[in-house]
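Down below is the structure, laid out as structure tokens.
The values are calculated or read from the model by the stated rules, or taken from the named source; none is laboratory data. No experiment lies behind these values; they were computed from the predicted model shown. For neighbour counting, all protein chains shown are included, and Cβ atoms are generated from backbone atoms with ideal geometry for every residue, glycine included.
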Amino acid sequence: MQMTMRWFGTGYDSVTLEQIRQVPGVSGIITTLYGTQPGEIWDKDAVTAMKQTVEAAGFAIAGIESVNIHDSIKTGSPDRDRYIDNYITTLSRLGEAGIHLICYNFMAIFDWTRSDLAKLRSDGATVMSYDQKLIDQIDPNSMFETMSAKSNGFALAGWEPERLARLKELFALYKGITAEKLRANLKYFLEAIMPVCDKYDINMAMHPDDPGWSVFGLVRIMKNKEDLLTMLHLVDNPHNGLTLCTGSLGTNPANDIPDIIRSVKDRIHFAHLRNLRHNGPGDFEESAHLSADGSLDMFAIVKALYDSGFNGPVRPDHGRAIWGEVSMPGYGLYDRALGISYLSGLLEAIEKGS
Ligand code: DNO
């Protein structure tokens, strides 16, 4: 497995590549052109500059998270082909730049959703959390403001203000989009992009829904093992694969993550490894990475990945805000660096013990 860290790019991230250089074990960067809008063709020079910046710091780009999908593609609107063509052009530019991994999601309107971005823990750290009772009290139209209020002034991944300014329009667009329709639109999209993925050997790694249930009545199709298997069977091409995100699948205590890993194993292209704590039904908070701090057995998860022969990029995911650090929620340096050390230790022990 290759240890990587997510970096949002100069001007968007409080963490620098020079700092990441000093986190032992990290050899790859997961990045994106953060300022781009879903549906846009990525500028060739901007892709080259992104690559040069990462390489000048002594890393390689291990993958892109994310190339976001335009809502017309997700909803199967009449203009979707135009946006699919744009996506294909972006993929070919990334392929030409030697990039072989793309993380994306097919969530309706909202990417990952939380009721609080800075819940205070007893250790004085703050974490992101989700409580369905609180979400039920929020008007979805004010969700963007709710999320942004505690973002420390950073733009949140997947929460593009330009797109969410049109929330009413988006809700109208997704009206009547059932799971079957969303899956059919996903299949249409994947079938269209597979030739360019085959040409450049690009692994598409679809991210699960976070949390793993319907939010604001919007449909979800990547909640559990059955959904993941259905998605893989939609288009049976090895380039159609998954991001195994433990923090997203782990929101539902019924999801047995090691079992999911064993079931989808050769189609996992990327893994997000983090822990969370279940407080009750529909109520969870993120935690430090180690097993003892949350509800997930991180040893069993890393072991299942190792046993399945997974050899791709992994990264720590959301960390706690600790030691006074101010960053994009979940994406500070300190707790993710602690997470990397812990995950690297687990991995070394598993490798040497096998
Ligand atoms: C949040 C992330 C998500 C993820 C996308 C993938 O922190 O896990 O925004 O990157 O869903 O497209």
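Tell me which residues, restricted to segment 287-317, are of a type in the set (Asp, Glu) and within 19 Å of Thr251 (Cα to Cα). Walk me through how you get there before you give the answer.
Filtering segment 287-317 down to residues of a type in the set (Asp, Glu) leaves 293, 297, 307, 317.
Within segment 287-317, Asp293, Asp297, Asp317 qualify.
Of the strands (runs of 3 or more DSSP E) lying entirely inside segment 235-354, those carrying at least 3 residues that are within 16 Å of the ligand (Cβ to nearest atom) and not aromatic (Phe, Trp, Tyr) are 240-245, 268-273, 313-316. If I ask for residues that are touching a residue at least 60 places away in the same chain (Cβ under 8 Å) and either touching an Asp or Glu at 6+ places or on another chain (Cβ under 7 Å) or within 27 Å of Asp136 (Cα to Cα) (or both), which ones from segment 218-257 would you list? Scanning segment 218-257 gives Leu218, Val219, Arg220, Ile221, Met222, Cys245, Thr246, Gly247, Ser248, Thr251.
Residues that are in a helix (DSSP H, G or I) and under 23 Å from the mean Cα position of the chain (by Cα) within segment 149-179 comprise Ala149, Pro161, Glu162, Arg163, Leu164, Leu167, Leu170, Phe171, Tyr174, Ala179, listed in sequence order.
This table checks each residue for (1) buried (at least 20 other Cβ atoms within 10 Å of the Cβ); (2) modelled with pLDDT under 95; (3) of a type in the set (A, V, I, L, M).
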{"residue": "Glu65", "(1), (2), (3)": "yes, no, no"}
{"residue": "Ile69", "(1), (2), (3)": "yes, no, yes"}
{"residue": "Ser72", "(1), (2), (3)": "no, no, no"}
{"residue": "Pro78", "(1), (2), (3)": "no, no, no"}
{"residue": "Tyr83", "(1), (2), (3)": "yes, no, no"}
{"residue": "Ile88", "(1), (2), (3)": "no, no, yes"}
{"residue": "Gly98", "(1), (2), (3)": "no, no, no"}
{"residue": "Ala108", "(1), (2), (3)": "yes, no, yes"}
{"residue": "Gln132", "(1), (2), (3)": "no, no, no"}
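Residues in segment 166-196 that are hydrophobic (A, V, I, L, M, F, W, C), within 29 Å of Arg274 (Cα to Cα) and more than 16 Å from the ligand (Cβ to nearest atom): Ala179 alone.
Does Leu91 fit the bill of being within 16 Å of Leu190 (Cβ to Cβ), touching a residue at least 24 places away in the same chain (Cβ under 8 Å), of a type outside the set (Asp, Glu) and touching a Cys at 6+ places or on another chain (Cβ under 8 Å)? Considered against the rule, which asks whether it is within 16 Å of Leu190 (Cβ to Cβ), touching a residue at least 24 places away in the same chain (Cβ under 8 Å), of a type outside the set (Asp, Glu) and touching a Cys at 6+ places or on another chain (Cβ under 8 Å), Leu91 comes out as yes. Evaluate the following for His289: is it in contact (Cβ under 8 Å) with a residue 40 or more places away in the chain, touching a Pro at 6+ places or on another chain (Cβ under 7 Å) and surrounded by 22 or more Cβ atoms within 10 Å (Cβ to Cβ)? Answer is yes for this residue.
Suppose we filter Leu232, Leu186, Leu218 for residues that are surrounded by 17 or more Cβ atoms within 10 Å (Cβ to Cβ) and out of contact with any Phe, Trp or Tyr (no Cβ under 7 Å at 6 or more places or on another chain); which single one remains? First the steps, then the outcome.
Working: Leu186 fails: out of contact with any Phe, Trp or Tyr (no Cβ under 7 Å at 6 or more places or on another chain); Leu218 fails: out of contact with any Phe, Trp or Tyr (no Cβ under 7 Å at 6 or more places or on another chain).
When all the criteria are applied, what remains is Leu232.
Regarding segment 308-325, can at least one residue be identified that is under 19 Å from Lys119 (Cα atoms) and among the aromatic types (Phe, Trp, Tyr)? Yes, that holds for at least one residue. Looking only at segment 33-67, residues that are outside any loop (DSSP other than H, G, I, E, B) and either among the small types (Gly, Ala, Ser) or over 17 Å from the mean Cα position of the chain (by Cα) (or both) come to 16 in all.
The set of residues in segment 257-280 being closer than 14 Å to Ser129 by Cβ and not small (Gly, Ala, Ser) consists of Arg274, Asn275, Leu276, Arg277, His278, Asn279. Restricting to segment 5-48, name every residue that is farther than 28 Å from Arg166 by Cα, hydroxyl-bearing (Ser, Thr, Tyr) and surrounded by 14 or more Cβ atoms within 10 Å (Cβ to Cβ). Once the filter is applied, which keeps residues that are farther than 28 Å from Arg166 by Cα, hydroxyl-bearing (Ser, Thr, Tyr) and surrounded by 14 or more Cβ atoms within 10 Å (Cβ to Cβ), segment 5-48 yields only Ser14. Here's a check for you: in segment 75-112, which residue that is within 12 Å of the ligand (Cβ to nearest atom) and not aliphatic (A, V, I, L, M) is nearest to Asn311 (Cα to Cα)? Step by step, filter segment 75-112, then rank; the result is Cys103.
Scanning segment 99-148 for residues that are part of a loop (DSSP other than H, G, I, E, B) and more than 21 Å from the chain's Cα centre (by Cα) yields a count of 9.
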